[in-house]
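Below is one structure, written out as structure tokens; comments come after it.
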Amino acid sequence: MDVIPLDDPTDEQIEQWHAVLVAVHAAEPAGDPAPALEQTARHLMGAEGRLWAAFEDGAAVAVAELRLPGGRGADRPGEIDIRVRPGHRRRGLGTRLMAVAAEGLRADGRGSVIAQVLAGTPAVPFLESHGFVCVLTLSGLLLRLDDLPPHRVPELVAAGPAGYGLVRWRGAVPDEYADALARAKDAMADLAEYEGLPWDAARVREMAEMVAKRGDDLYTVAAVQGTTVAGFTEIVVPADAPERAAQYDTAVVPEHRGRRIGIWVKAAMLEWLAAERPEVREIETDNAGDNAHMLAVNEELGFRRQRESCEYQAAAGDLPPGPGTPA
Ligand SMILES: CC(C)(COP(=O)(O)OP(=O)(O)OC[C@H]1O[C@@H](n2cnc3c(N)ncnc32)[C@H](O)[C@@H]1OP(=O)(O)O)[C@@H](O)C(=O)NCCC(=O)NCCS
């Protein structure tokens, strides 16, 4: 068995990678649509980090992606995603890829790595066996737009709080709101806690660029007072599977909380999407398990719980030594 870096994958290697994703998805669909080849190709071509695959008899049997957000050497955790074909598990392949990725992580000077995995799947004992610890539990929710009672969204939009206006934009944030949006993103204390990083205008723009590079569309609705962003919500519509959009960040700045701004911006987003992207039929989101307020907002909007997952983290120094490391 050979582990090969695929930092500039050929069409054939992309197909091999995709075949592993399809085999893993068939065994554990977890309510997600099957990946499309174009989606995999676009993802791998735009990947910001390192890729490896393990081959047996010329066929890829396992793949690993190490995302290195923020560019080389950035002071942020890496993100690891390892997938092993169901018929090839418990033979140390996952561990071998983890060791290679750990070496890549340390070579880039990153202090830690995170991975998001579903509760109750083999990924949990696998990550725990490598010293990962669950730092955040997440509830996966799904909103089926066809299930929404027709009056709910217009009523919620009309019931917006006095003294605020709604603004919206597609793609990167307009300059006049960039700093204010970064401040509002800092209001997501639960995320900042483990990422340990303040948001600034550059990081906000970088996130929008990453989405655009993948070919996907980012939509943002914000509640504002002048150029102050009191709260906002973001949705990403994937280019290759626009029927299921993904909720990105939503936050309300602490001094503006308790005025139903969160549900207002989300309802305004649904109204905008219905007009702008009628092909969107579902929206998926993850909420921190301890974020009772956001869960309540989403459940009032009509989101239903689908699954529980966990954000795992490990220090780079605690991961297995890479193949090139002396014992
Ligand atoms: C999680 C996954 C990558 C593990 O790959 P793998 O090649 O089977 O892992 P390894 O053989 O290296 O297992 C290493 C250790 O992890 C633990 N482990 C892995 N799978 C386990 C399972 N199903 N039950 C209990 N322990 C498990 C064991 O301690 C194992 O050591 P052992 O076999 O000597 O007991 C694989 O199951 C997979 O692809 N799952 C779907 C995708 C996914 O969720 N990826 C995680 C994202 S990082």
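Things to note:
- Accessible area per residue, Å², region 188-317 with all protein chains present, probe 1.4 Å: 42
- Ranked by how many other beta carbons lie within 10 Å on average, peptides 13-23, 216-226 from highest: 216-226, 13-23
- When peptides 25-33, 304-312 are sorted by average Cβ neighbour count within 10 Å, with the highest value leading, the order is 304-312, 25-33.
- With the simple model of a label 7 Å out from the Cα in the direction of the Cβ, Ala34 to Asp147 spans 2.4 nm.
- Prolate/oblate/rounded call for region 1-68, Cα gyration tensor, a/c under 1.5 rounded: oblate
- Other residues whose C-beta falls under 10 angstrom from the C-beta of Phe126 contribute a net charge of +1, scoring Lys and Arg +1 and Asp and Glu -1.
- The mean sequence separation of alpha-carbon pairs under 8 Å and at least six residues apart, normalised by the residue count of the chain, gives a relative contact order of 23 percent.
- Residue-span extension gain [Thr121 to Ala27] - 0.36 nm each, minus C-alpha spacing: 32.7 nm
- Computed over the chain, the P(r) tail beyond 37 angstrom holds 19 percent of alpha carbon pairs.
- Just checking the listed ones, Asp286, Asp240, Asp146: in the Gaussian network model of the chain with Cα springs under 10 Å, the one fluctuating most is Asp146.
- Asp2 accessible area, 1.4 Å probe, all protein chains in place, Å² to nearest 10: 100
- Cα-based Rg / Dmax (Å) for region 149-301: 14.6, 41
- Packing-based order for 54-64, 93-103, using average beta carbon neighbours within 10 Å, highest first: 93-103, 54-64
- Cβ-placed point charges (K, R +1; D, E -1), dipole of the chain about Cα centre in debye, nearest 20: 440
- Largest mean-square fluctuation among Val135, Val265, Val280, in a Gaussian network model of the chain whose springs join Cα atoms under 10 Å apart, belongs to Val135.
- Accessible surface of the chain, 1.4 Å probe, proportion on carbon and sulfur as whole %: 51
- Region 90-186 shape via C-alpha gyration tensor axes, a/c threshold 1.5: oblate
- In plain terms, the C-alpha convex hull of region 1-151 casts an average shadow of 11.0 nm² when viewed from every direction.
The values are calculated or read from the model by the stated rules, or taken from the named source; none is laboratory data. Everything quoted here is computed from the prediction, not taken from an experiment. Here the Cβ is made from the backbone with ideal geometry for all residues, glycine too, and neighbour counts use every protein chain on show. Keep in mind that these areas ignore ligands, DNA and RNA; they rest on the heavy atoms of the full protein, side chains included. Shrake-Rupley method; radii C 1.70, N 1.55, O 1.52, S 1.80 Å.
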